[in-house]
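Quick note: the coordinates plus some simple rules give every number you see, no bench work behind them. Given the structure is predicted, the values throughout are model-derived calculations rather than measurements. As a convention, Cβ positions derive from the backbone with ideal geometry for all residues, glycine included, and neighbour counts pool all protein chains shown.
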Amino acid sequence: VRVPVIAIDGPTASGKGTVAARVAAELGWHVLDSGALYRLAAWTVLDNNINANDIAAVALAARRMQIRFDDGQIMLAGQDVTELIRQEHVGNLASRLAPAAPLREALLERQRAFRQPPGLVADGRDMGTVVFPDADLKIFLLADVQSRAQRRCQQLRERGLVPDEQAVLADLKERDFRDTDRAVAPLKPADDAHQLDSSRLTVEDTVAAVMSLWHKRL
Ligand code: C5P
C-alpha cells in the first residue's frame, strides 16, 4: 500500500521541527527530522577527525552510521547524542557539509526508509522537492529572520545558555544563504507547496493551519 507523506520544508528555525512533531502526533504518524541526519553526519566527522573537505570520506562515514531514533532520543552506535548534535557548532558544520551531492545521496535511502504505515511527516529543506516529490501535502514554512532569531535565542535560553542575539541573527542569515544558494537540493518551495508564514502565528495556530490543509485535501 502507498504510505502518505506530509513534507514540511523551510529555513532554519522556522519552527518546522516542532510543527512536524505535533502534526505527526495528531495523526499518529511517524516523523522524520532530516536535519538530524545531517547533524549526525557532522557529529560523526568531528568525532572521528574526518577531513570535512574529503567528501568521499564524509559520505562513506554517513552511510555507515548506526542510527536509532526512539521516542525523541537519537542514538548513534549506542551513544545518546540527542543533545550533542543540537550544539551550534554541529549545526554549522552540518550546513557546510549539506551542499555535497555524495553526502545527500548517502542519506537519501535512509530518509525514504522512514516512510512506514500509517504515514510520515518529514521536515527539512528538500522533503517536497527531492526526497518525497510525491508527498500528499507539501508545506513551505516561512518566518521572517527576526522572528526566527528570537525563537532560536529562546531555545538557547531554555537550554541554560546566554545567546548573543546579533551573532544568532548573523548565523541564521549565513545558513539561509548556504541552504538557498547551493546547486544540489537547494531550499526552495516545491511548485505544489503551500506557503505558510509563521512569523505571527503560535505553534498551535501553525499546527492547526497544516491540519486544516490536510483535511481539506482529502
Ligand atoms: O534543520 P537543521 O537545522 O537541524 O539542519 C541542519 C542542517 O542540515 C541545515 O542547516 C541544512 O543545511 C542541512 N539540511 C539539509 N537538508 C535537509 C535537512 C537539513 O541540507 N533536508
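When the expected Rg is taken as 2.2 N^0.38 Å, what fraction or multiple of it is the alpha-carbon Rg of the chain? Show your work: numbers first, answer last.
Working: Rg = 16.6 Å, N = 218, 2.2 N^0.38 = 17.0 Å.
Against the compact-globule rule of thumb, the ratio is 0.97.
Can you give the alpha-carbon Rg of region 2-120 over 2.2 N^0.38 Å, where N counts its residues? The partial results should precede the final answer.
Details: Rg = 14.3 Å, N = 119, 2.2 N^0.38 = 13.5 Å.
In units of the globular-protein estimate, region 2-120 measures up at 1.05.
Of D181, D205, D164, which is the most mobile in a GNM of the chain whose springs link Cα atoms less than 10 angstrom apart?
D164
Which loop GluC sites (Glu not before Pro) in region 61-107, with loop taken from DSSP, have no more than 12 other Cβ atoms within 10 angstrom of their Cβ?
Details: sites: E83, E88, E105; in loops: E83.
Qualifying residues, ordered by number: E83.
Give the relative contact order (percent, whole number) for the chain; include only Cα pairs under 8 Å separated by 6+ residues.
Numbers: 332 pairs, mean separation 74.0, N = 218.
About 34 percent, as a whole number.
Can you tally the net charge around R182? Count Lys and Arg as +1, Asp and Glu as -1, for every other residue whose Cβ sits under 12 Å from the Cβ of R182.
Details: positive: R96, R104, R125, R175, R178, K188; negative: D126, D176, D179, D181.
Here the charged neighbours net out to +2.
Whole-Hz ³J(HN,Hα) for each residue in region 137-142, computed from phi via Karplus 6.51 cos²θ - 1.76 cosθ + 1.60 with θ = phi - 60°, x for glycine and proline: what do you get?
After applying 6.51 cos²θ - 1.76 cosθ + 1.60, I find 9, 10, 10, 10, 8, 9 Hz.
Could you calculate the contour length gain from D80 to R217, that is, 0.36 nm times the residue separation minus the distance between their Cα atoms, to one decimal place in nm? List each step's numbers first, then the result.
Details: separation 137, 0.36 × 137 = 49.32 nm, distance 3.86 nm.
Going from the current span to full extension adds 45.5 nm.
Tell me the mean residue ellipticity at 222 nm calculated for the chain from its helices only (DSSP H runs of n ≥ 4, each -39500 (n - 2.57), averaged over every residue, nearest 500).
Working: 8 runs with 104 residues, N = 218.
Counting only the DSSP helices, I get -15000 deg cm²/dmol.
Which FRET efficiency value, to the nearest 0.05, is calculated for D71 and L46 with the Förster distance at 30 angstrom and r the Cβ-Cβ distance? Before the final figure, lay out each step's value.
On the way: r = 25 Å, r/R0 = 0.85.
Step by step, r from the Cβ atoms, then E = 0.75.
Within the chain, what's the longest stretch lacking trypsin sites (Lys or Arg not before Pro) that sit in DSSP loops with no more than 13 other Cβ atoms inside 10 Å? Mind dumping the intermediate values first?
Working: sites that count: R2, R159, R200.
Between the exposed loop sites, the longest stretch runs 3-158.
From the square roots a ≥ b ≥ c of the eigenvalues of the alpha-carbon gyration tensor of region 102-142, which class results: rounded (a/c under 1.5), prolate (a/b over b/c), or oblate?
On the way: a/c = 2.12, a/b = 1.16, b/c = 1.83.
Oblate.
Tell me which residues come under 5 Å, amide H to amide H, from R182 once H is placed; ignore anything under 5 positions away on its chain.
Counting only residues 5 or more places away or on other chains, the set is L187.
Scan around G119 for amide H atoms under 5 Å from its own, H built in the peptide plane at 1.01 Å from N, and keep only partners 5 or more places away or cross-chain.
Under 5 Å from the amide H of G119 lie the amide H atoms of H30, each far enough along the sequence or on another chain.
Most fluctuating residue of L161, L32, L108 in a GNM of the chain with Cα springs under 10 Å: which is it?
Per the Cα network of the chain with a 10 Å cutoff, L161 tops the list.
From largest to smallest, what semi-axes in whole angstrom does region 156-218 give when each is the square root of 5 times an eigenvalue of its alpha carbon gyration tensor? Provide the component values of the computation, followed by the final result.
Values: eigenvalues 156, 89, 14 Å².
Semi-axis lengths for region 156-218 are 28, 21, 8 Å.
Total Lys pairs in the chain closer than 20 Å by alpha-carbon, pairs eight or more apart in sequence or interchain only?
Details: K16/K138; K16/K173; K16/K188; K138/K188; K138/K216; K173/K188.
Final tally of qualifying lysine pairs is 6.
Which whole-Hz couplings ³J(HN,Hα) result when phi for each residue of region 168-179 is put into the Karplus expression 6.51 cos²θ - 1.76 cosθ + 1.60, θ = phi - 60°, listed in order with x for Gly and Pro?
4, 4, 5, 5, 4, 4, 5, 5, 4, 4, 5, 5
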